[in-house]
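The values are calculated or read from the model by the stated rules, or taken from the named source; none is laboratory data. Everything numeric in this text was worked out from a predicted model, so none of it was measured. A quick note on method: Cβ atoms are made from the backbone with ideal geometry, for glycine too, and the neighbour counts reach across all protein chains shown. These area figures cover heavy atoms from the full protein model, side chains too; ligands, DNA and RNA do not enter into them. Shrake-Rupley method; radii C 1.70, N 1.55, O 1.52, S 1.80 Å.
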Amino acid sequence: QVQLVESGGGLVQAGGSLRLSCTASGRSVSTYVMGWFRQAPGKEREFVAAISWAGGRIYYADSVKGRFTVSRDNAKNTVYLQMNSLKFEDTAVYYCALDSRPLYNSRWYPGSWGQGTQVTVSA
């Protein structure tokens, strides 16, 4: 069974940047779709970004387009989320996710999840 471990969360001022990392263990995930969701207090978990196994398909939520960049390093079994121009409303627990099924659009429903990492943006 694949395990996902996120890192890189923390406290940052509005306008700042953070880079999240998520490393998978247990098997190679080079052919899996990987990505990120987030959940703010009192809200449902929402899609943030996803990237296909070769990076040829990338999708973002409208709320993060132009500010966040998802990438992956298959040799390291790792997916990244570079977050720039952070806003207070980006405050949430960010979850890494992966799935073996193909990625066709942003309506992605992954089967495996990490434990999450907290991102707090101060206004």
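Side notes on the structure shown:
- Residue that is farthest from the chain's Cα centre (by Cα), among those in the stretch 47-70 that are surrounded by 18 or more Cβ atoms within 10 Å (Cβ to Cβ) and in a loop (DSSP other than H, G, I, E, B): 53
Residue-by-condition table, conditions (1) closer than 17 Å to residue 109 by Cβ; (2) hydrophobic (A, V, I, L, M, F, W, C):
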{"position": "12", "(1), (2)": "no, yes"}
{"position": "22", "(1), (2)": "no, yes"}
{"position": "28", "(1), (2)": "no, no"}
{"position": "39", "(1), (2)": "yes, no"}
{"position": "45", "(1), (2)": "yes, no"}
{"position": "54", "(1), (2)": "no, yes"}
{"position": "59", "(1), (2)": "yes, no"}
{"position": "63", "(1), (2)": "no, no"}
{"position": "71", "(1), (2)": "no, no"}
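- Only one of the numbered conditions (1) within 19 Å of residue 6 (Cβ to Cβ); (2) open to solvent by 30 Å² or more (accessible area, probe 1.4 Å); (3) outside any strand (DSSP E or B) is not met by residue 118, and that is (3).
- Subset of the stretch 82-108 that is among the charged types (D, E, K, R) and under 24 Å from residue 29 (Cβ atoms) - its residue that is least open to solvent (accessible area, probe 1.4 Å): 99
- Selection status of residue 105, in contact (Cβ under 8 Å) with a residue 40 or more places away in the chain, within 26 Å of residue 11 (Cα to Cα) and more than 13 Å from the chain's Cα centre (by Cα): no
- Screening residue 5 with (1) out of contact with any Leu (no Cβ under 9 Å at 6 or more places or on another chain); (2) of a type in the set (Val, Ile, Thr); (3) at pLDDT below 95 gives one miss only, at (3).
- Qualifying residue in the stretch 53-60 (condition: touching an Asp or Glu at 6+ places or on another chain (Cβ under 7 Å), touching a residue at least 24 places away in the same chain (Cβ under 8 Å) and within 22 Å of residue 30 (Cα to Cα)): no
- In the stretch 4-26, the residues that are outside any loop (DSSP other than H, G, I, E, B) and either without any contact (Cβ under 8 Å) to a residue 40 or more places away in the chain or surrounded by fewer than 16 Cβ atoms within 10 Å (Cβ to Cβ) (or both): 5, 7, 10, 11, 13, 19, 25
- Scope the stretch 71-89; condition among the hydroxyl-bearing types (Ser, Thr, Tyr) and assigned to a strand (DSSP E or B); matching residues: 71, 78, 80
- Check on residue 42, more than 10 Å from the chain's Cα centre (by Cα) and touching a residue at least 24 places away in the same chain (Cβ under 8 Å): no
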